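The values are calculated or read from the model by the stated rules, or taken from the named source; none is laboratory data. What you see is a predicted model, and the numbers here were worked out from it, not measured in a lab. Cβ sites come from the backbone with ideal geometry, for glycine too, and all protein chains shown count toward neighbours. Accessible surface is based on the protein model in full, side chains and every heavy atom, while ligands, DNA and RNA are left aside. Shrake-Rupley method; radii C 1.70, N 1.55, O 1.52, S 1.80 Å.
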Amino acid sequence: MSALVLTNALSMAIPRVFGAAVDAFTQGADRRRVTMFALAIVAIAVAQAVSRVISRIVVLGTSRRVEYDLKGMLHDKLAQLAPSFYDAFSTGDLMSRMTNDVMLVRALGGPGILYFTNAMLVYLLGTAFMVSLSWQLTIVVLAPLPLMAWLVRGTVHKVRAFALSSREALSDLNTVVQENLAGAGVVRSFALEEAQMRRFDERSTAYLDWGLKESRARAQMIPMIGLAGGLSYAAVLALGGPMAAAGAVSIGDLVAFVGYIGMMIFPTVALGWILSLMQRGTAALERLDKILQAPVTISSGAGALALSELRTDVTVSDYTFRYHDALDAYTHLQDGDAAHERPPALRGVSLRVEAGTFVALVGRVGSGKTTLLKSLLRLVEVPPGAIALDGADINDYDVADVRRAVAYVPQDDFLFSDSVAANIRFGAPDADDATVVAVAELAGIDLSSEGLANGLETEVGERGANLSGGQRQRVALARALLRDAPILVLDNALSNVDTDTERRILAGLSAQRSGRTVIAASNRITAVQDAECIYVFDSGEIVDSGRHDELAARPGLYASMREQQQLSARLEELP
Amino acid sequence: MTPPKRSKVASLGVLRRLRPFVAAHSKLLMVAGITLPFLAGAQLVAPYLLRVAIDRHITPAANGQAGALDGLWTLILVLLAVLVAEVALRFAQLYLMQIAGQRIMHDLRMAVFGHVQKLSMSYFDRHPVGQVMTRVTSDVETLNDLMSQGLVAMVRDVVTLVGIVIVMTWIDWRLTVASFVVFPFLAVILGALRVRLRRTYDRSRTLVARLNAFLQESITGMGVIQAFDEQERNVDEFRRHRDNLLEIDLRGVGLSSFLSASVQSATTVSTALVLAYGGFGVIGGTVTIGILVQFMEYLGRFYRPLEDLSDKYDSLQRAAAASNKIFALLDEDPAIKVADDVRPMPDFEDAIRFEGVTFAYGEGDTPVLSKLDLTLRRGEKVALVGSTGAGKSSIVKVMQRLYEHQEGRVTIDGVDTRELDPRTLRRFFGTVPQDVFLFTDSIAANIALDEDAVSMDEVARAAELVEASEFIGTLPGAYEARLGERGANLSFGERQLLAFARALASDPQVLILDEATSSVDSETESRIQRALHNLVADRTALIIAHRLSTIREVDRIVVLHHGEIREQGSHRELMALGGIYATLYRLQYDQDTGTAA
Ligand SMILES: Nc1ncnc2c1ncn2[C@@H]1O[C@H](COP(=O)(O)OP(=O)(O)OP(=O)(O)O)[C@@H](O)[C@H]1O
Ligand SMILES: Nc1ncnc2c1ncn2[C@@H]1O[C@H](COP(=O)(O)OP(=O)(O)OP(=O)(O)O)[C@@H](O)[C@H]1O
Ligand SMILES: [Mg+2]
Ligand SMILES: [Mg+2]
């Protein structure tokens, strides 16, 4: 900051020196004095250069740091926010906030502050220098400033409102792009390119329109400020001329004044630009603040119990869950309409899983199996009293402990764009190679070149797009197995794996289970028939439970599902 | 940095490629251009008026000459008029330039996005979404600065500069020389900084794209990250990416600060030179005070835009780096080419044939399909079975020409699919892909996809057929209910049913089901099969499934193993053969009854 003051003080001294020189000339100075004046200015130039480099590096560098700190803060927050937050905000929107909006905040923090301080210093120092020459002229020079402020006032608000709308339009645009890229396969396979172009065009045009509105408002502002500067010039001549004639000021003083106005015009024009930067910057900040203000709905309670050495008995009692309850927490952050009421995903579900047992969930589409499994990891907001681990409420434990106790194979086999090995190591980065290979084999991953081109080093691509469906699922399974947690949760984990491989995996798993609890949801009877207890779900409720033979013996959903999978009769009828 | 890297770094020449985009708005730019000479003129006239005021009026008046101030008032009025005109022009120019600039941006965005639509799937296998997204939005935004402010301002500045130099020379060429002695030094400094700046910005754009790709992946994978309690590692990694970028950006700040300071010092030194030389002139009587003031004003006006230009130069380099990335994307060759003379789509009277097709995803990779022959006759229902990674989904992708195969031909009624328009070809199939993708849009839009071609009735009928209408009914707004990203607010089975309905809604000739019901319970599945029975009776279908109950009504079963067809025939024939299929079958069947017994 002091470098900034110095730079400006030095620049502001120049008209003064120049004015003094002019006065000296009119009084008939010799060449030596002229040279002295010139050298004084050169000295100023050198000092100026140094202080300017420093001040810029400090201010602009700080703005970069601020930008990256802000990004870090936002990312930290994103890492804490519950999955329900991501239901409420789309990836494209969040990306837009994290990139474009942060960029605007940086512009506010860097150039914005730099030019603003500059302008203020120029005014301050300029005024001081000018007053020392002539206070009357100073008043005249500064008189147009309030006029300018008054002229600009209304425009500033407009710029801000338009800036906000334009930011939102950009977010929408980003969302379209993000979806188009993420769904590139569907877009091509259904030949939707043109429809997508239209959609993009629509959003891009909307963004353009808001941008133009904003520009018009900004364009109005800048000349108005310029006008104020021009008035100062005229005023100095109008008043200064007679004053010089009367001998109240010297010509050199007048020259210095002209110099000062010249110096002040640019910062004044820049002020207009700064104002618009500020408007955009604060609009962007407002949007970032939405992320920072979002409530963290899943966190470890104070005095959280540590979950060590647990037996991991799981008791679910009268558990009712609605997704939109969690979404309500974010509605005040969004302009869109609130989440709508839907029937609960789980309705009065009660079950008990003893440590070391194998429990299976089967049921119709959308009957709540995944919701229940996600609840065991607190990936959804579990109401108090619904789920107990070893007799204590799941919400009373440290979240990290709970998640470490449960190894999870989600139904959505999300992989990171990295190698197969890195993906398997995801939950246990320190595992040695032998363990990784052992786990990969247990998960039925074919490490031969016929299976995976480069074995464990094969790059899986974004979301694992370069693997086959079944390969992806098995990597996700291996990833969970490497966690070696007391509870293993499988959500339709082998739905894309052929039956031969499935059988081998299941056999391997049960041989290695050694006291581990397994909770698995599946649509395949072959995968659940060995379970100690099978719970049958329908519309968020448990409609039946028991062992395979019990359930198969009585009419109901399970029996009919099983019958459908009994191939014999029908396949034999084929030609 | 190593020399070969240099060629990759953007030179300002890349900006030339923006020309067609700029040319499209040349009218607007021309109108804006008309204001330029006037603006520059206004800039030149004001100091002149000052000089006249000082030399003709104020100095004589100060020396006691009576009536010297008489003309001053007119002069001031003229000055005010000039200034007001300048303000008006500036507004017009700024606004016009903004319009032109933002339209150009819009066009550029459309061009980039349009080109991305032409790129084939293999491009997306290699380029993460976050990176491509950075090109379409962020990089284009970076050009915005240059387009809507820089470009015009730069032209204006250059016009002003030239005007000033001419006027100054006209008044006193020696004084002009004195003013510009420092200029060559400045040019040297600028030249030295140029390459560094460019390299820094180029690197910065690359790192930005990388950071964004990482961020995009963290956001989409946050569920998994949290399930494995790996937030900390994710945060650390994000910070690492960010710190790399910060380092480069700080270097950029250093360089541009140096640039700006050089220009400022040049102004000041020039002022000193003018003062010294002008001072000698005043003493010698060849220069008046008014001229001195006028020169000082010109110098201010000369170096101010120059200083501005140093910022502009900065944004120019930044823009060059961004356009380099953008044009690299625009230059990306669509791997799937449309033939020059596309043949009309055959009526599909006979069959789709794979004739000795060999296919690998990447060049030099081991082929996923090797010398594959496969026939899908009209009206036939064929099942593809085989272990995971056998190449079943790959067959589907090659058939739709989502990827280009290396050897052999894929034909429809004898016409090579490469001679057809890929989009017509793809519309010919209705596919339920193994990876379901839904758009953040209404249920109806997700099923219809093209809402002009598919009516609401057809949407409802398709949903009915796949047993989706029941759960759709429970949603607020039913068919108008909005889905979350990728259908996040639905269960997996529900998402799959919508993808199934989507494939049926377009009423395709050939239905491709790639594990279309893997997340659906078998009760629902069998009801769908029954509902579909009549519908697909005269359709052609290719069905991929691991759960053999899914394929119980097909005409023929093809067993694929490591990219080759091993067995082919009806269930009975394959059972009699006692090969791979028979083993798979027994596993499912025997295991089930075995325990039940
Ligand atoms: N985009 C891709 N890039 C590179 N390799 C790929 C890509 N997609 C698939 N592969 C590889 O090609 C092989 C065949 O994959 P494909 O998806 O065709 O198998 P699949 O028979 O459908 O298996 P599944 O039953 O598991 O779905 C696999 O080894 C897979 O790793
Ligand atoms: N994020 C969400 N927001 C709102 N509703 C949801 C969300 N996820 C699931 N649902 C709804 O909750 C209900 C239960 O879904 P869940 O995913 O638990 O079913 P499921 O039994 O796992 O089904 P499937 O066998 O199809 O995977 C469904 O009706 C579904 O639409
Ligand atoms: Mg589920
Ligand atoms: Mg597949």
Solvent accessible area, Å² - A:R404, 1.4 Å probe, full protein context: 120 Å²
Sites B:I283 and A:A128, calculated FRET efficiency, Cβ-Cβ separation with R0 22 Å, nearest 0.05: 0.10
Greater than 25 Å apart at Cα, pairs in A:K290/B:K325; B:K27/B:K118; A:K213/B:K27; A:K158/A:K290; A:K213/B:K118; A:K369/B:K392: A:K290/B:K325; B:K27/B:K118; A:K213/B:K118; A:K369/B:K392
Kirkwood Rh and Cα Rg combined as Rg/Rh, region B:333-461: 0.99
Region A:134-235: chymotrypsin sites (Phe, Trp or Tyr not before Pro) in DSSP loop, at most 13 other beta carbons within 10 Å: none
DSSP-defined beta bridges in the protein assembly as shown - what % are antiparallel, rounded to 5: 50 percent
Modelled FRET efficiency - R0 56 Å, B:W173 with A:D76, Cβ distances, 0.05 increments: 0.30
Amide hydrogen neighbours beyond the local backbone of A:E541, cut-off 5 Å, H modeled: A:R347
Separation in nanometres of the label points that stand 7 Å from Cα toward Cβ, at A:E286 and B:R530: 5.7 nm
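Across the residues of B:128-136, average count of Cβ atoms on other protein chains within 10 Å? Kindly include the intermediate steps, with their values, before the conclusion.
On the way: counts 5, 14, 7, 2, 5, 11, 3, 1, 9.
Whole-number average of other-chain Cβ neighbours for B:128-136 is 6.
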Rounded tilt (10° steps) of B:72-118 against the dominant C-alpha axis of chain B: 20 degrees
Computed label-point distance, nm, for sites A:D393 and B:E332 using a 7 Å Cα→Cβ extension: 5.1 nm
Principal-axis tilt of helix B:231-284 within chain B, Cα atoms, nearest 10 degrees: 20 degrees
Amide proton proximity set for B:G408, modelled H, under 5 Å, gap of 5+: B:T358
Whole-number percent relative contact order across region B:429-551, with pairs defined as alpha carbons under 8 Å at least 6 apart: 35 percent
Within region B:318-345: backbone nitrogen closer than 13 Å to the B:E419 label point (7 Å, Cα to C-beta): B:339-345
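Just need the Rg to Rh number for region B:76-183, please, alpha carbons only, Kirkwood Rh.
Ratio of gyration radius to Kirkwood radius: 1.25.
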Carbon + sulfur, % of accessible area of region B:463-597 - ligands and nucleic acids excluded, 1.4 Å: 49 percent
Chains B and A together, accessible area buried on both sides, 1.4 angstrom probe, square angstrom: 16500 Å²
Alpha carbon convex hull of region A:2-292, projected area averaged over orientations, nm²: 19.6 nm²
Of the DSSP H helices in chain A, those whose Cα atoms cover at least 15 Å axially and whose Kyte score averages 0.0 or more: A:2-26, A:31-80, A:113-133, A:144-182, A:251-293
Gained length - A:E194 relative to A:L333, 0.36 nm times residue gap less alpha-carbon distance: 46.7 nm
Among A:362-372, B:457-467, the order from most to least packed when residues are scored by Cβ within 10 Å on average: A:362-372, B:457-467
For chain A, share of DSSP beta bridges that run antiparallel, in % to the nearest 5: 45 percent
Quarter of the Cα convex hull surface for the protein assembly as shown, i.e. its orientation-mean projected area (nm²): 49.1 nm²
Accessible area expressed per residue, the protein assembly as shown, with surrounding protein chains retained (probe 1.4 Å, Å²): 37 Å²
Segment B:E464-B:E363, length gained on full extension (0.36 nm per residue, minus Cα span): 32.0 nm
Stretchable slack from A:E563 to A:A149, in nm (0.36 nm times residue separation minus alpha-carbon distance): 140.9 nm
Helix B:26-52 axis, angle to chain B major axis (alpha carbon atoms, nearest 10°): 20 degrees
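Reported to two decimal places, what Rg/Rh ratio describes region B:432-508 when computed on Cα atoms with Rh from the Kirkwood expression?
With Rh from the inverse mean 1/r over Cα pairs, Rg/Rh is 0.91.
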Calculated FRET value between B:T583 and B:D340, using beta carbons and R₀ = 45 Å, to 0.05: 0.35
